[in-house]
1. Calculate I(q)/I(0) for the chain by the Debye formula, one identical point scatterer on each C-alpha and no solvent, and give its log10 at q = 0.08, 0.09, 0.10 Å⁻¹ to two decimals.
2. Only bridges with both residues in the chain count here: give the DSSP antiparallel percent, nearest 5.
3. Set the Förster radius R0 to 60 Å, insert the Cβ-Cβ distance between residue 98 and residue 213 as r into 1/(1 + (r/R0)^6), and round the FRET efficiency to 0.05.
4. Could you work out how much longer the chain between residue 22 and residue 237 gets when fully extended? Use 0.36 nm per residue separation minus the Cα distance between them, nm to one decimal.
5. Residues of the stretch 441-487: accessible area per residue at 1.4 Å, in Å²?
6. Around residue 126, what is the net charge, scoring Lys/Arg as +1 and Asp/Glu as -1 over all other residues with Cβ under 13 Å from its Cβ?
7. So how much slack lies between residue 362 and residue 531, counting 0.36 nm per residue of separation and subtracting their Cα-Cα distance, in nm?
8. Within the stretch 413-510, what whole-number % of the accessible surface is contributed by carbon and sulfur, with the 1.4 Å probe and all protein chains included in the calculation?
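The values are calculated or read from the model by the stated rules, or taken from the named source; none is laboratory data. Model, not experiment: these values are computed from the prediction. Every residue, glycine as well, gets a Cβ built from its backbone with ideal geometry; the counts of neighbours run over all protein chains shown. Surface areas here come from the heavy atoms of the whole protein model, side chains and all, with no ligands, DNA or RNA. Shrake-Rupley method; radii C 1.70, N 1.55, O 1.52, S 1.80 Å.
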Amino acid sequence: MKGLHQQSSLLSALTKQNVVPSDKAENISVDFIQQKKPFIRYLVEDKDIDAEAIANTLCRSFGCPLIDLANFDTSLVPEGVRNEKLIRKHHALPLYLRGKVLFVAMSDPTNLDALEEIQFNTGFSTELVLANETALAACIEKILEEDSDALDISDMDAEELAGIDVQEERQEEDNTGGGDKEDAPIVVYINKILLDAIRKGASDLHFEPYEKSYRIRFRIDGILNEVAKPPITLASRMAARLKVMSKLDIAERRVPQDGRIKLALSKKKSIDFRVSTLPTMWGEKIVMRILDSSSAMLGIDMLGYAPEQKKIYMEALAQPQGMILVTGPTGSGKTVSLYTGLNILNTEERNISTAEDPVEINLDGINQVQINTRSGLTFPSALRSFLRQDPDIVMVGEIRDLETAEIAIKAAQTGHLVLSTLHTNSAAETLTRLLNMGVPSYNVASSVSVIIAQRLARRLCLQCKEEEHIPENELLAQGFLPEQLSEIKLFKPVGCDLCTGGYKGRVGIYEVIKISDVTANLIMTGSNSLEIAEQCQKEGYNNLRQSGLEKAAQGVTSLEEVNRVTNA
């Protein structure tokens, strides 16, 4: 009934403006019932109604903005919101982000279901932009041809799964017997596991042998979940298969090994896995980290920065010199924050070099150096070489020691923009960590411009989250202010078929501070991290806890999740 009503309103609007002849309207309405395509596409393809006339008429009738897609730059479509299934299902194309609003092009302004489903899957508010049906169809095909989304393996048979292309693998298979018919089921099973992990949005895969059992776990949204328990008798064969794919020595089982796998999903899309093996009591544990370059292309608006935090970060990136430090524990999203900044800076006019251990994501146009301590290529030696190669921007994967810190600070003081990370719990502790390393206080005060401390919290599932009622005294104890209580609306996870335990995706929680003159003076006088943090509060910068409570109050995540990631 809903579809018939939408079709009727469209047809009525087009008939009133004589785009559809009134004497043909009834026949069109009856004929369309037998069709399995969208109504606007049916009018254009089957009834030869002019697509431009339809778009102009619906623009006036429904008050929707109209976009010309004929010359639209498809590279503007964010990779993080491309979903082939949704695009084809609704004949709707996400175009671009403006703040937290995702603009979606459609030829049918009555298709509100499309906007709701795209909003649910992306986590962004959606807004309709009307498009010419012919141009929209061409633009959709161009986008999907350029870059397919993650592969859907639900309907693939064993032969297709076995044929997934693991690039640069064949030589090793030929030498190790990897093509033996006996191993074909293992090949199919491993490929299915890898593709399933990509489809579910996992960040890591764990293959774990025990005395009497074997389990496979995925880390999804920061939490490990068991997904399979294959027979323990397959443990050695699965380890051998993964090592062949990673180009590791399958005969060596006594020492850890590191490798990579490149899995080709399509002609344009591939996913890298970083592989680590570790000998345990009952066999080799293998952990694989998924390195998807699209995560570095999401854009700063998708990372979860508050407007004032984003402004501070962007202003720091626009400076010709200084140091931006991103801090937090392993798995807190520091790499994505740095890569997002580098992508903003990555233009033809700039020379950008990075020293990383390891290089997780390859970025075109940026000179990335893989640290190799065995051969003498360390962070300090790489930095010294960078400074001899006329750099504009330098990224150091991690400041681990005094020598690295001193060279990075020298670069920041001599006309270079330096980005790096440290493993500290807060922005204030980052400053005292540098001082404790032995960096002179005047160097820290004069070189560090912005510090970003961050955590990743799980997003509440938009489909099933429920409002949670918490007593006011408990809210005050959690850190909410009395003036906030009347406006707070908190939600809790429930769980449904579309999410994992009531959560779907993750969002960043940030503490972003700009080093002011007062803070610099505190550093110079040897103040501790508590005194520096107190000054940052006076200057109006939210700490991690306050930023997390804001995310909970906005309904993005739950109070329980904020407590988990901010250690409250």
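1. Evaluating at q = 0.08, 0.09, 0.10 Å⁻¹ gives log10 I(q)/I(0) of -0.68, -0.84, -1.01.
2. Working: 55 of 86 bridges.
Antiparallel bridges: around 65 percent, rounded to the nearest 5.
3. Working: r = 51 Å, r/R0 = 0.84.
The value I calculate is 0.75.
4. On the way: separation 215, 0.36 × 215 = 77.40 nm, distance 6.98 nm.
Full extension of this stretch gives 70.4 nm more.
5. Details: 2510 Å² over 47 residues.
Computed with neighbouring chains in place, this is 53 Å² per residue.
6. Values: positive: 98, 100; negative: 113, 116, 117, 127.
Once all neighbours under 13 Å are counted, the net charge is -2.
7. Details: separation 169, 0.36 × 169 = 60.84 nm, distance 4.00 nm.
Here the answer is 56.8 nm.
8. Working: 1990 of 4480 Å².
Reported share for carbon and sulfur atoms: 44 percent.
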